[in-house]
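Engineer: Provided herewith is a single structure, encoded as structure tokens, for subsequent inquiry.
The values are calculated or read from the model by the stated rules, or taken from the named source; none is laboratory data. Not measured: the values here are computed from a predicted model. Every residue, glycine among them, receives a Cβ derived from its backbone with ideal geometry; neighbour counts consider all protein chains shown. To get the accessible areas, we keep the full protein, side chains included, count just its heavy atoms, and leave off ligands, DNA and RNA. Shrake-Rupley method; radii C 1.70, N 1.55, O 1.52, S 1.80 Å.
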Amino acid sequence: VCLTCCPRELMLKINQICHQNHVKFFTGDVFGYHGYMFADLGEHEFVEEKTKVAKVTSGVEDGPEAKKAKIDSSETTMVKKRVVFCRLREALGVDWSGEKAAAALKRTAPDYFLLQ
């Protein structure tokens with residue numbers, strides 16, 4: 001389900017219904033230069049391709065060359081990952097007065113507060 005230009009209460013209600021029925025939910029909007037996008041994919045599993053990093057064995061055991069790692073792009077591994085997304089209500093209801101919130105505040109874009 002994708003929503004745009006909807007009131008906050010409608011977004012919260014539809015997100016709750018989608019989350020309960022394991023339906024992926026996206027919402028977003030743009031206000032001039034500012035905008036937002038939110039995704040609730042529930043429990044989302046995906047596979048990520050990682051390139052293997054191999055140590056260089058050039059015979060040099062000292063100096064900066066010995067510490068460099070060589071990336072071999074021909075060898076890759078597939079890593080399965082799982083992410084649990086939060087609901088829109090949880091994302092909008094963050095308590096910014098707590099101690100943990102101080103650390104998260106540094107990583108939060110100022111636009112988040114403009115949209116609130």
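Engineer: Hey, with R₀ at 30 Å, roughly what FRET efficiency would residue 114 and residue 24 work out to, going by the Cβ-Cβ distance, to 0.05?
Structural biologist: Values: r = 26 Å, r/R0 = 0.88.
Between residue 114 and residue 24 the formula returns 0.70.
Engineer: With a 1.4 Å probe and every protein chain kept in, tell me what percent of the accessible surface of segment 13-54 is carbon plus sulfur.
Structural biologist: Working: 1690 of 2980 Å².
Roughly 57 percent of what the probe reaches on segment 13-54 is carbon or sulfur.
Engineer: Do any of 24/81; 13/106; 50/100; 24/100 go past 21 Å between their Cα atoms, and which? Please list the in-between numbers first.
Structural biologist: Numbers: 24/81 17 Å; 13/106 30 Å; 50/100 31 Å; 24/100 28 Å.
As for pairs spanning more than 21 Å Cα to Cα, those are 13/106; 50/100; 24/100.
Engineer: How far is it, in nm, from the label point at residue 31 to the one at residue 89 when both lie 7 Å from their Cα along the line to the Cβ?
Structural biologist: Each label point is offset 7 Å from its Cα along the Cβ direction, giving 2.3 nm.
Engineer: Further, regarding this structure: When the solvent-accessible surface of protein heavy atoms is calculated with a 1.4 angstrom probe, in what order do 77, 51 fall, highest first?
Structural biologist: Working: 77 50, 51 75 Å².
Ranking 77, 51 by accessible area, largest first, yields 51, 77.
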